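**Q** If you scroll down you'll find the structure; I have some questions about it.
The values are calculated or read from the model by the stated rules, or taken from the named source; none is laboratory data. The structure presented is a predicted model; accordingly, all values stated were derived computationally and were not measured. Here the Cβ positions follow ideal geometry from the backbone for every residue, glycine too, while neighbour counts run over all protein chains shown. Only protein heavy atoms, including side chains, enter the accessible area calculation; ligands, DNA and RNA are left aside. Shrake-Rupley method; radii C 1.70, N 1.55, O 1.52, S 1.80 Å.
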Amino acid sequence: DAKTTQPPSMDCAEGRAANLPCNHSTISGNEYVYWYRQIHSQGPQYIIHGLKNNETNEMASLIITEDRKSSTLTLPHATLRDTAVYYCIVRVAGNFNKFYFGSGTKLNVKP
Amino acid sequence: DGGITQSPKYLFRKEGQNVTLSCEQNLNHDAMYWYRQDPGQGLRLIYYSQIVNDFQKGDIAEGYSVSREKKESFPLTVTSAQKNPTAFYLCASSEQGSNQPQHFGDGTRLSIL
């Protein structure tokens with residue numbers, strides 16, 4: 001199963017784009033990349049996921065490199081409410097859903 | 001509103017006592033999960049269930065038990081055998097399918113008296 005590596009923390013100015021990197025160099029061809037975020041004392045919130053193509057929704061954009069060994073989550077206009085821990089997860093291939101949550105990146109959005 | 005409801009939000013356990021955490025979902029999801037989160041750490045999988053009347057151990061199942069008698073419900077019992085139960089417990093559900101994301105409840109914080 002592919003594991004992920006994320007920086008422990010990042011800062012971003014309010015109103016600017018927040019770009020959160022994730023390394024998943026051992027990812028296999030049928031494993032998806034998922035992003036979640038967790039605000040203190042709440043459950044993780046699903047943001048976006050993808051396989052190989054770039055994805056965009058109302059919350060964020062996901063860019064996966066062509067070799068699929070890394071990805072970047074972009075919040076286009078960060079607000080103070082985006083301050084949270086962001087988790088990059090690669091789903092283990094198999095007959096069941098199993099997500100490995102690492103320590104994530106603490107994004108601090110500053111005024 | 002569709003979603004996952006966990007109760008109670010806070011729970012206290014006495015030494016030697018079993019406690020049960022509730023998880024209910026009205027998303028019509030087949031799969032349900034229980035995770036444990038310790039301060040400053042990621043989530044660890046306790047148990048998961050793909051269908052009714054079936055469940056599998058996760059990475060840290062010792063000291064915990066579950067049941068899945070109904071599609072909507074997946075209660076977790078923290079038994080007295082779990083020596084370090086203080087943690088934040090999260091329930092999740094997902095549709096079946098190889099790429100479906102999990103959706104989480106807001107958690108139950110369990111503490112020892």
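**Q** Could you tell me what percent of the accessible area of chain A is made up of carbon and sulfur, with a 1.4 Å probe and every protein chain present?
**A** 49
**Q** Provide the per-residue ³J(HN,Hα) series for region A:57-67, in order, calculated from phi with Karplus coefficients 6.51, -1.76, 1.60 and θ = phi - 60°, each as a whole number of Hz, with x at glycine and proline positions.
**A** 9, 5, 9, 7, 10, 10, 10, 10, 5, 4, 7
**Q** Could you work out Rg/(2.2 N^0.38 Å) for the protein assembly as shown, with Rg from alpha carbons only?
**A** Cα-based Rg divided by the globular estimate yields 1.02.
**Q** Then there is this: Could you sort the residues of region B:73-102 by number and keep only those whose accessible area is reduced by 50 Å² or more in the all-protein-chain setting relative to the chain alone, 1.4 Å probe?
**A** Those are B:SER98, B:ASN99, B:PRO101, B:GLN102, which lose 50 Å² or more relative to the chain on its own.
**Q** If you average the alpha carbon positions of region B:18-60 and of region A:1-75, how far apart do those two centres end up, in angstrom?
**A** What the calculation gives is 23 Å, centre to centre.
**Q** Using θ = phi - 60° and the Karplus relation 6.51 cos²θ - 1.76 cosθ + 1.60, list the HN-Hα couplings for region B:30-47 in order, rounded to whole Hz, with x at every Gly or Pro.
**A** Each residue of region B:30-47 in turn: 7, 9, 9, 9, 10, 10, 10, 10, 9, x, x, 10, x, 8, 10, 7, 9, 9 Hz.
**Q** Do any residues of region B:6-49 show a loss of at least 20 square angstrom of accessible area between the isolated chain and the full protein assembly, using a 1.4 Å probe, and if so which?
**A** Buried-area filter returns B:TYR33, B:TYR35, B:GLN37, B:GLY42, B:LEU43, B:LEU45, B:TYR48.
**Q** Sketch the reach of a paramagnetic label on B:ASN99 as a point 7 Å from Cα along Cα-to-Cβ, and name the residues of region A:15-43 whose backbone nitrogen lies under 16 Å away.
**A** Of the residues in region A:15-43, A:28-35 have backbone N under 16 Å from the label point off B:ASN99.
**Q** Can you tell me the equivalent ellipsoid semi-axes for chain B? Use √(5λ) from the Cα gyration tensor, largest first, whole Å.
**A** On the way: eigenvalues 102, 39, 36 Å².
Its equivalent ellipsoid spans semi-axes of 23, 14, 13 Å.
**Q** Would you mind giving the total buried accessible surface between chains B and A, with a 1.4 Å probe and ligands, DNA and RNA left out, rounded to the nearest 100 Å²?
**A** So the total buried area for this chain pair works out to about 1800 Å².
**Q** Please go through the residue pairs B:LYS14/B:LYS57; A:LYS3/A:LYS110; B:LYS9/B:LYS83; B:LYS14/B:LYS71 and name each one whose alpha carbons sit more than 23 Å apart in this structure. Walk me through the numbers on the way to the answer.
**A** Working: B:LYS14/B:LYS57 25 Å; A:LYS3/A:LYS110 30 Å; B:LYS9/B:LYS83 21 Å; B:LYS14/B:LYS71 30 Å.
Beyond 23 Å: B:LYS14/B:LYS57; A:LYS3/A:LYS110; B:LYS14/B:LYS71.
**Q** So, counting K/R as plus one and D/E as minus one, what does the shell of residues with Cβ under 12 Å around B:GLN96 add up to?
**A** -1
**Q** Next question. Leaving out ligands and nucleic acids, note down the accessible area per residue over chain A with a 1.4 angstrom probe, in whole Å².
**A** With the other protein chains kept in place, chain A gives 49 Å² per residue.
**Q** Sticking with this structure for a sec: Give me a comma-separated list of calculated 3J(HN,Hα) values for region A:106-111, in order, Karplus coefficients 6.51, -1.76, 1.60 applied at θ = phi - 60°, integers in Hz, x for any Gly or Pro.
**A** 7, 8, 10, 8, 10, x
**Q** Could I have the simple spin-label model distance between B:ASP54 and B:SER22, label points 7 Å from Cα toward Cβ, reported in nm to one decimal?
**A** 2.8
**Q** At a Förster distance of 45 Å, what's the computed FRET efficiency of B:ASP106 paired with A:ALA13, Cβ-Cβ distance as r, to 0.05? Intermediate values should be presented prior to the final figure.
**A** Values: r = 29 Å, r/R0 = 0.65.
After rounding, the FRET efficiency stands at 0.95.
**Q** Any idea what % of Cα-Cα pairs in chain A are farther than 15 Å?
**A** 61
**Q** Okay, next question. Kindly report the accessible area of region B:57-104 per residue (heavy atoms of protein chains, probe 1.4 Å, no ligands, DNA or RNA), in Å².
**A** Here the residues of region B:57-104 average 43 Å² of exposed surface.
**Q** Between A:ILE64, A:GLY15, A:LEU51, whose Cα lies farthest towards the positive end of the dipole of region A:1-98 when Lys and Arg beta carbons carry +1 and Asp and Glu beta carbons carry -1, centred on the Cα centre?
**A** Of the candidates, A:LEU51 comes out farthest on the positive side.
**Q** Let me ask something additional. Can you tell me, using C-alpha contacts under 8 Å and at least 6 residues apart, the relative contact order of chain A as a whole percent?
**A** Averaging sequence separation for qualifying contacts and normalising by length gives 37 percent for chain A.
**Q** In region B:68-113, which GluC sites (Glu not before Pro) are in a loop and have at most 11 other Cβ atoms within 10 Å, using DSSP for the loop call?
**A** Values: sites: B:GLU69, B:GLU72, B:GLU95; in loops: B:GLU69, B:GLU72, B:GLU95.
Passing both the DSSP loop test and the Cβ count: B:GLU69.
**Q** Compare the Cα positions of B:LEU21, B:PHE55, B:THR86 along the charge dipole of region B:1-87 (+1 at Cβ of Lys, Arg; -1 at Cβ of Asp, Glu; about the Cα centre) and return the one farthest towards the positive end.
**A** Toward the positive end, the furthest listed residue is B:THR86.
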